[in-house]
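Chemist: Sharing a structure below in structure tokens format, with a few things to ask.
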Protein chains: 4
Amino acid sequence: MMKALVYGGPGHKTWEQVPLPDLQDREDAIVRVDAVTICGTDLHILKGDVPEVESGRILGHEAVGTVLEIGEGVREIAVGDRVLISCISGCGRCRYCREGSYGQCLGGGGWVLGHLIDGTQAEFVRVPFADTSLYLIPDVVGDDDALMLADILPTAYEVGILNGNVRPGDTVVVVGAGPIGLAAITAASLFSPGHVMAVDLAESRLEAAKQFGAHTTARPDEAAELVRQHTTGLGADVVIEAVGVPETFQLCTSLVRPGGRVANIGVHGKPATLHLETLWSQNVTITTGLVDTFSTGTLLKMLATGQLHTHRLITHRFHIDDMLSAYDTFGRAADTGALKVTLNRE
Amino acid sequence: MMKALVYGGPGHKTWEQVPLPDLQDREDAIVRVDAVTICGTDLHILKGDVPEVESGRILGHEAVGTVLEIGEGVREIAVGDRVLISCISGCGRCRYCREGSYGQCLGGGGWVLGHLIDGTQAEFVRVPFADTSLYLIPDVVGDDDALMLADILPTAYEVGILNGNVRPGDTVVVVGAGPIGLAAITAASLFSPGHVMAVDLAESRLEAAKQFGAHTTARPDEAAELVRQHTTGLGADVVIEAVGVPETFQLCTSLVRPGGRVANIGVHGKPATLHLETLWSQNVTITTGLVDTFSTGTLLKMLATGQLHTHRLITHRFHIDDMLSAYDTFGRAADTGALKVTLNRE
Amino acid sequence: MMKALVYGGPGHKTWEQVPLPDLQDREDAIVRVDAVTICGTDLHILKGDVPEVESGRILGHEAVGTVLEIGEGVREIAVGDRVLISCISGCGRCRYCREGSYGQCLGGGGWVLGHLIDGTQAEFVRVPFADTSLYLIPDVVGDDDALMLADILPTAYEVGILNGNVRPGDTVVVVGAGPIGLAAITAASLFSPGHVMAVDLAESRLEAAKQFGAHTTARPDEAAELVRQHTTGLGADVVIEAVGVPETFQLCTSLVRPGGRVANIGVHGKPATLHLETLWSQNVTITTGLVDTFSTGTLLKMLATGQLHTHRLITHRFHIDDMLSAYDTFGRAADTGALKVTLNRE
Amino acid sequence: MMKALVYGGPGHKTWEQVPLPDLQDREDAIVRVDAVTICGTDLHILKGDVPEVESGRILGHEAVGTVLEIGEGVREIAVGDRVLISCISGCGRCRYCREGSYGQCLGGGGWVLGHLIDGTQAEFVRVPFADTSLYLIPDVVGDDDALMLADILPTAYEVGILNGNVRPGDTVVVVGAGPIGLAAITAASLFSPGHVMAVDLAESRLEAAKQFGAHTTARPDEAAELVRQHTTGLGADVVIEAVGVPETFQLCTSLVRPGGRVANIGVHGKPATLHLETLWSQNVTITTGLVDTFSTGTLLKMLATGQLHTHRLITHRFHIDDMLSAYDTFGRAADTGALKVTLNRE
């Protein structure tokens, strides 16, 4: 038996004893969870916003761990390996996986952990398609840094920065300075933008944005004017949506210059209004995306070379047995100032 | 004096005597209009939808003509040249023009003809920035074919096909089978899509779409089911919006596959609803655009080699003195079956 | 036991009885060969040009067949399936396979059939990594058409046309009008080039090039002048090397325009001279490549829709028992006019 | 009259009195030279390696100055402006200029200053196509920093880093640690490579490379082994040739990984050997290029934001009257340690 965070339907979760996972497929691995974190998406699930998650499901899709057992079809991962458990699994065979787009896997992968199958907020977890869903962690990389590559950093990098095609010298606006927005600011710096502006309502988040590298900050109602000043009236080259509500998306499309790009990272629950009556002639590109994790290997390499310092996103640390406290702290981020909270085995 | 189609405020137009144009800038040319056409945008102006067009303005932004006079700063164009008058002028110096994005010119170009300055629905017209706004027509290319390259073909090609990144074997859906939709179907064929589906309400337009190369056709209410059947449930690789109302745009975003592209060509007067609650995770790219005309030279070359046959878009021909009849025929397209109507000097 | 074409060291080959292949790995499949062809590379091997091929090796890396047996790790392919055997296998897990670059596989794939392991010129063959190396053939596609997708068509398409970035209206020169050059001419047409010129020494091949869609043809000593005439002195947009000797490669780099591309398909045995003293300032891009086969699925789809007719490359057909006669015919192509020769089980 | 550096045929140069330049075309500007530098190419000209340079020509194609007079066709530049004189002029009208490829201008631009017309190593200079060849310098940018954007930085950035497609985390090898190699190391950092290795024979240059940001250095004979160690045997993602002799180019093609890129910046006087017998199957891309200067505006913006510090390339400063001493110092760089030498009016 092991302890796990079990979803009990909207509003209900328990940290309880459940059976240990076992291999169900030749390409599975069983991993002992050494460090795990909680995602904003987990809170959405608990609110009942993700109806395909069934009662009884173990939540969690981000972890670092140690491989205990592998199926006989696993080639690249060995027992004893220290691995990153990616939020996205890939069958490696379907048309999307063959293009590195594991997030859209048609062969049983994609986002399944803590969603369609049991997840990582537990002492042990079964990971399908182990060869293409687990990543060896270089010795010089710590658990905390690696853990941020399970979801938040690849998401910020692929869905925000690469989709937004940030280029040297660009003016980049990041709307939303929560964890994912701060990760986007971090990832943007890899392409040497000329100016990064963070937009948020909360003063504390804007303060954090500056520490993560934003050159200026703005409240939503100031953003349009400040962007105008910074770009001689033209608008931003790239605008990144990192909130997930209609108002912020609409703000993004109002801040972008002709020929610019809006990259949506936010998880939306409602439609937004797209002002095509002005945008139709503006040569604007809008992208959406679930992370594909094609960049996970590269980001791990950048942790190893010291180019990224992702543990800065972690504000609170807990023992894994304090899972409910960690949820409480993360769930009240406005009060606690939590960005990412992590739980460790030891 | 000369005859010209003069806008007299919403609902009013006259074909009347006006003064001849003269050179106002060193880079201007005066061109005798040999063939001219009417754009859907001209109808929008007449409805009052384009408020920056002032009363007294000569309309029209598409023509073929003969150069009568040039400013002393014009280098590439000579008196006597047979030229295409592009709907877009470019200063050739601003940051957008330097990237070939003349449609977004910041230096006095962009869409100005028949909009901010007098246009081509006249016997003579002044064209600014002649070197980067006029195109020599090869001898083997007829006026009718060339005329379709003033606006509709580059728009379909750049804003529809290139923005949509149509690739060999793709399933492409074109929503709207009016002139611009048919031009998009024509232009799509340059990239050998595997299947082109045209969507429209009017049976006659769907019939036309087939003649222009659509493999199948659908009414809007059938489109989703037919696309699903054709793509084993996945959705279309590329969807092109060629109408310009919220319903058709929303249809487009519902037809595209994960990882696919929606290229908007339609001129919109109202916002649309963007269903981010489903699209956020779908890796979808949405583009908008005014034509930049970077492809005009290439398209002219393809007319010369016989790769394009654009005169097929022309359904009605008039003498230029019958401008008002031409407007009437074009304005009642549902009755007359008009696609493009042209007016010739002789 | 079965019959197979066995390499016996430089200059030696036999069609002899050998043991049947059996499964060696969980991801293997055993396939009955229904149709097979001979590649120019097989002739190179027989000359001793590919020293890593050991004596005793069964040659051949292109076939169409029926799956007889699969390992327990195979998910997508089933016994009884009619499949294309690709010249390239992919482990599906290494950094190259994750980008769709199976030709550079680091995990035991790449070009292995008839090279590092026994190949397809036999009655039966073991195919490793079956899920990512075999392709289901749609019912409407015949064996002959499909067989051309084992190597020659994806090579022409990926290494020639996509690397060369052929665009609508382009002037494309294909140097070498043997089978791979003709396949390149066929594949180029998917992007609507404005002019395709074939260059070869043999009149019969130039004749074939015209039938495959070349607009003009030239002997090597005429090519420079003809390209100049066709491009107002500028040079070709794209030049494709489809021979594999220094002289033809050097011809290619002399025919390309500033800003153009040279895509090398030819298999070279000797270095070439790169005239950097002129090319350094010409903004030229030169690419090389082994086929990656990321396009195989798309090309199969285009066979199914009737967009490609690849069986036109086949000039001679044999029963599989006449393997040695087929080699003789293919090896004396200058005399026999052979392009691709195929061998069928029945 | 004014003083100027006049080429007198191979081996001969004088700093002598010559007539003042005057406007010859409506789009010309006359600029007072405030700061000027010497390029390695000037030394090539003096050796007689650039035969199209005629005796009597004033050399120099890089400067910062003040506009004294403009032709009536100049719109964007005004008398009194402090400007960067780019090494490349662009007509702004030809097919290459329309794509931002001014280096390949067909309309009378390209590299003309100090080559086909009199250049910048003088007290005053006539600049053709002033609007597209001069760049306003922001107030916060000093002459020294700006001067490095006349040639060396855009060349390193466009021809080295952008052609090489340097990406975050990449292993980049720069062969040649002279001024252009150091500029390439500087420019590479804008894309956050994981590892930059500089290769040169001179210890002093390798020392300089470290100061400009190289992580490791190697002599040419060590490079292959060190690259192998750093990349687990695979090879470098991007290799940049910054010397211009056959040996260094060949070294570059031996260091690149399968699927990697070799970007040639070096000015070559002789052909190199291209080892196609191994490269043919390696999916390698090789690029060449004269700078197009499409990035000059962006680089100026990055100077203004403090993202680039290009004056670090300047090792020696002279008064403009000491032109011959400056040439001497620059010409004996191995002894003097000169990187870029600059000459100032005051």
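Chemist: Looking at this structure, is D:VAL243 part of a loop (DSSP other than H, G, I, E, B), more than 10 Å from every other protein chain (Cβ to nearest Cβ) and touching a residue at least 40 places away in the same chain (Cβ under 8 Å)?
Modeler: Numbers: part of a loop (DSSP other than H, G, I, E, B): yes; more than 10 Å from every other protein chain (Cβ to nearest Cβ): yes; touching a residue at least 40 places away in the same chain (Cβ under 8 Å): yes.
Yes, satisfied.
Chemist: Checking the conditions here, which among B:ASP49, B:ASP28 is in contact with a helix residue (DSSP H, G or I) (Cβ under 8 Å, 6 or more places away or on another chain) and farther than 18 Å from B:GLY142 by Cβ? Please lay out each step first, then the result.
Modeler: Values: B:ASP49 fails: in contact with a helix residue (DSSP H, G or I) (Cβ under 8 Å, 6 or more places away or on another chain).
The match here is B:ASP28.
Chemist: Check B:VAL33, B:VAL6, B:VAL64 and return the single one that is outside any loop (DSSP other than H, G, I, E, B), open to solvent by 10 Å² or more (accessible area, probe 1.4 Å) and either within 14 Å of chain D (Cβ to nearest Cβ) or modelled with pLDDT of 95 or more (or both).
Modeler: Values: B:VAL33 fails: open to solvent by 10 Å² or more (accessible area, probe 1.4 Å); B:VAL64 fails: open to solvent by 10 Å² or more (accessible area, probe 1.4 Å).
Answer to the check: B:VAL6.
Chemist: Now for a different question. Taking the conditions exactly as written (among the aliphatic types (A, V, I, L, M), closer than 16 Å to A:ASP170 by Cβ and touching a helix residue (DSSP H, G or I) at 6+ places or on another chain (Cβ under 6 Å)), does A:VAL227 satisfy them or not? Write out each step before concluding.
Modeler: Values: among the aliphatic types (A, V, I, L, M): yes; closer than 16 Å to A:ASP170 by Cβ: yes; touching a helix residue (DSSP H, G or I) at 6+ places or on another chain (Cβ under 6 Å): yes.
When the stated conditions are applied, A:VAL227 passes them.
Chemist: Does A:ILE85 qualify as being in contact with a strand residue (DSSP E or B) (Cβ under 7 Å, 6 or more places away or on another chain), within 24 Å of A:THR37 (Cα to Cα) and not polar (S, T, N, Q)?
Modeler: Values: in contact with a strand residue (DSSP E or B) (Cβ under 7 Å, 6 or more places away or on another chain): yes; within 24 Å of A:THR37 (Cα to Cα): yes; not polar (S, T, N, Q): yes.
Taking the combined requirement at face value, the residue satisfies it.
Chemist: Here's a follow-up. How many of the residues in segment C:76-110 are surrounded by fewer than 20 Cβ atoms within 10 Å (Cβ to Cβ) and part of a loop (DSSP other than H, G, I, E, B)? First the steps, then the outcome.
Modeler: First, the residues of segment C:76-110 that are surrounded by fewer than 20 Cβ atoms within 10 Å (Cβ to Cβ): C:76, C:78-82, C:95, C:99-100, C:106-108.
If we keep only those that are part of a loop (DSSP other than H, G, I, E, B) too, we end up with C:76, C:78-81, C:95, C:100, C:106-108.
Residues flagged as surrounded by fewer than 20 Cβ atoms within 10 Å (Cβ to Cβ) and part of a loop (DSSP other than H, G, I, E, B) within segment C:76-110 amount to 10.
Chemist: Ok, one more. Could you list, in sequence order, all residues of segment A:281-291 that are among the aliphatic types (A, V, I, L, M) and either within 23 Å of A:ILE152 (Cα to Cα) or surrounded by fewer than 23 Cβ atoms within 10 Å (Cβ to Cβ) (or both)?
Modeler: Scanning segment A:281-291 gives A:ILE286, A:LEU290, A:VAL291.
Chemist: Which residue, of A:VAL199, A:VAL159, A:VAL174, is within 21 Å of A:LEU308 (Cβ to Cβ) and touching a helix residue (DSSP H, G or I) at 6+ places or on another chain (Cβ under 6 Å)? If you could, list the steps in order and put the result at the bottom.
Modeler: Numbers: A:VAL199 fails: within 21 Å of A:LEU308 (Cβ to Cβ); A:VAL159 fails: touching a helix residue (DSSP H, G or I) at 6+ places or on another chain (Cβ under 6 Å).
Just one listed residue meets the conditions, A:VAL174.
Chemist: Looking at segment A:152-167 only, could you name the residues that are charged (D, E, K, R) and surrounded by fewer than 24 Cβ atoms within 10 Å (Cβ to Cβ)? Explain how you work it out, then say what you get.
Modeler: Step one: filter segment A:152-167 for residues charged (D, E, K, R), giving A:158, A:167.
Residue satisfying the conditions is A:ARG167 alone.
Results for (1) out of contact with any Phe, Trp or Tyr (no Cβ under 9 Å at 6 or more places or on another chain); (2) within 12 Å of another protein chain (Cβ to nearest Cβ); (3) basic (Lys, Arg), shown as yes or no for each residue.
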residue	(1), (2), (3)
B:VAL53	no, no, no
B:GLU69	yes, no, no
B:GLU76	yes, yes, no
B:VAL79	yes, no, no
B:VAL127	yes, no, no
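Chemist: Could you check, for segment B:140-155, whether at least one of its residues is more than 29 Å from B:GLY331 (Cα to Cα) and within 14 Å of another protein chain (Cβ to nearest Cβ)?
Modeler: Narrowing segment B:140-155 to residues more than 29 Å from B:GLY331 (Cα to Cα): B:140.
If we keep only those that are within 14 Å of another protein chain (Cβ to nearest Cβ) as well, we get B:140.
Yes, some residue in segment B:140-155 is more than 29 Å from B:GLY331 (Cα to Cα) and within 14 Å of another protein chain (Cβ to nearest Cβ).
Chemist: Would you mind finding the one in B:VAL238, B:VAL267, B:VAL291 that is of a type in the set (A, V, I, L, M, F, W, C) and in a strand (DSSP E or B)? Break it down stepwise before answering.
Modeler: Numbers: B:VAL267 fails: in a strand (DSSP E or B); B:VAL291 fails: in a strand (DSSP E or B).
The conditions single out B:VAL238.
Chemist: Something else: For segment D:177-205, enumerate the residues that are touching a residue at least 40 places away in the same chain (Cβ under 8 Å), open to solvent by less than 10 Å² (accessible area, probe 1.4 Å), over 13 Å from D:PRO220 (Cα atoms) and away from every other protein chain (no Cβ under 12 Å).
Modeler: Within segment D:177-205, D:GLY178, D:GLY181, D:LEU182, D:ALA183, D:ALA184 qualify.
Chemist: Only one of B:GLY266, B:GLY297 is within 11 Å of chain A (Cβ to nearest Cβ) and at pLDDT 95 or above; which?
Modeler: Values: B:GLY297 fails: within 11 Å of chain A (Cβ to nearest Cβ).
From the options B:GLY266, B:GLY297, the qualifying one is B:GLY266.
Chemist: Which of the residues that make up segment B:304-341 are crowded, with 19+ Cβ neighbours inside 10 Å, assigned to a helix (DSSP H, G or I), at pLDDT 95 or above and touching a Leu at 6+ places or on another chain (Cβ under 7 Å)?
Modeler: Once the filter is applied, which keeps residues that are crowded, with 19+ Cβ neighbours inside 10 Å, assigned to a helix (DSSP H, G or I), at pLDDT 95 or above and touching a Leu at 6+ places or on another chain (Cβ under 7 Å), segment B:304-341 yields B:LEU313, B:ILE320, B:MET323, B:ALA326.
Chemist: Looking at (1) of a type outside the set (A, V, I, L, M, F, W, C); (2) more than 30 Å from C:SER101 (Cα to Cα); (3) modelled with pLDDT of 95 or more, which is the only condition D:HIS195 fails?
Modeler: Here D:HIS195 meets the rest and fails (2).
Chemist: Scanning segment D:269-280 for residues that are surrounded by fewer than 21 Cβ atoms within 10 Å (Cβ to Cβ) and free of Cβ contacts under 8 Å to residues at least 40 places away in the same chain, which turns out farthest from the other protein chains (Cβ to nearest Cβ)? Outline the logic, then answer.
Modeler: Step one: filter segment D:269-280 for residues surrounded by fewer than 21 Cβ atoms within 10 Å (Cβ to Cβ), giving D:269-271, D:273, D:275, D:277-278.
Okay, now just the ones that are also free of Cβ contacts under 8 Å to residues at least 40 places away in the same chain, so D:270-271, D:273, D:275, D:277-278.
Details: D:LYS270: 6, D:PRO271: 5, D:THR273: 5, D:HIS275: 5, D:GLU277: 5, D:THR278: 9 Å.
My answer is D:THR278.
The values are calculated or read from the model by the stated rules, or taken from the named source; none is laboratory data. Please read these numbers as outputs of a predicted model, since none were measured by experiment. Counting neighbours? That spans all protein chains shown, and the Cβs are built from the backbone with ideal geometry, glycine included. When the accessible area is computed, the model is the full protein with side chains, heavy atoms only, and any ligands, DNA or RNA have been set aside. Shrake-Rupley method; radii C 1.70, N 1.55, O 1.52, S 1.80 Å.
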